[in-house]
Structures are given as C-alpha cells and as structure tokens.
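Read the structure below first, then the notes.
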Amino acid sequence: MAKQQLRREVINVYKELLEMGKSYPLGFDYFRPRLHKAFMSQAHLDKEDDIRKGIERAEYVKKEIEALYYLKKYRALKQAYS
C-alpha cells in the first residue's frame, strides 16, 4: 500500500512540473525531455526513504521554477512601468 501512495505522489509531482514547463522560458520542447530524463534517472530507487528524498528534491525544483517565473514577471512589469 505504501508503494502505491509513493507512486501517486511521484506521478503528481511529475504532472505538476510538466504543467509548469508549459510556460518555461526556453520552451516546453526544451523542458520536457530534461524532466523525463531526471525522473527516469531515479527510476531504480526501491527504498521508501530514497523515494521520499527524490520527491522532496522535485518539490524544491518546483519552488525554484516558480521563483523563476515570478522574477521574469517582475522584470517584465518593472521594464514596462519604468
């Protein structure tokens, strides 16, 4: 049962990151293969602790991408109204 829950968490994080990648500055075609490669490089993990660490790392990356988007938006607004 725990494996199913972890699998759902991993899939949800992957989907959230994919959705965020649609507005990535270098484009979705740049973002998606790299995201897929990053997740597949961790596909061999079996231990629950290792999987949880991977999920935490993905959540951190998600926050960093959000910060990148906010910074891009801030710079655009600053340039438009300066």
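The values are calculated or read from the model by the stated rules, or taken from the named source; none is laboratory data. Everything numeric in this text was worked out from a predicted model, so none of it was measured. Every residue, glycine as well, gets a Cβ built from its backbone with ideal geometry; the counts of neighbours run over all protein chains shown. Just so you know, the surface numbers come from the protein's heavy atoms only, side chains and all, with ligands and any DNA or RNA stripped out. Shrake-Rupley method; radii C 1.70, N 1.55, O 1.52, S 1.80 Å.
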Restricting attention to segment 29-82, the residues that are of a type in the set (A, V, I, L, M, F, W, C) and closer than 30 Å to LYS3 by Cα number exactly 12
Checked against (1) modelled with pLDDT of 95 or more; (2) aliphatic (A, V, I, L, M); (3) over 14 Å from the mean Cα position of the chain (by Cα), ILE11 satisfies every condition except (3)
Among ILE65, ILE11, the single one that is in a helix (DSSP H, G or I) and open to solvent by less than 50 Å² (accessible area, probe 1.4 Å) is ILE65
message = Kindly evaluate ALA80 against the criterion of being more than 18 Å from GLU16 (Cβ to Cβ) and either part of a helix (DSSP H, G or I) or touching a Ser or Thr at 6+ places or on another chain (Cβ under 6 Å) (or both).
response = yes
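Does LYS53 count as out of contact with any Asp or Glu (no Cβ under 8 Å at 6 or more places or on another chain), surrounded by 12 or more Cβ atoms within 10 Å (Cβ to Cβ), more than 24 Å from TYR70 (Cα to Cα) and not aliphatic (A, V, I, L, M)?
Working: out of contact with any Asp or Glu (no Cβ under 8 Å at 6 or more places or on another chain): yes; surrounded by 12 or more Cβ atoms within 10 Å (Cβ to Cβ): yes; more than 24 Å from TYR70 (Cα to Cα): yes; not aliphatic (A, V, I, L, M): yes.
In short, yes.
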Residue under question is LYS47, and the condition is that it be surrounded by fewer than 11 Cβ atoms within 10 Å (Cβ to Cβ) and under 14 Å from the mean Cα position of the chain (by Cα); does it hold?
no
Margin query: Yes or no: segment 14-35 includes at least one residue that is assigned to a loop (DSSP other than H, G, I, E, B), of a type in the set (Lys, Arg) and more than 14 Å from the chain's Cα centre (by Cα).
Written below: no
Contact list, first residue from segment 1-27 and farther than 22 Å from HIS44 by Cβ, second anywhere and open to solvent by less than 100 Å² (accessible area, probe 1.4 Å), beta-carbon distance below 6 Å, six or more apart or interchain, is MET20/ILE65; GLY21/PHE28; GLY21/PHE31; LYS22/PHE28; TYR24/PHE31
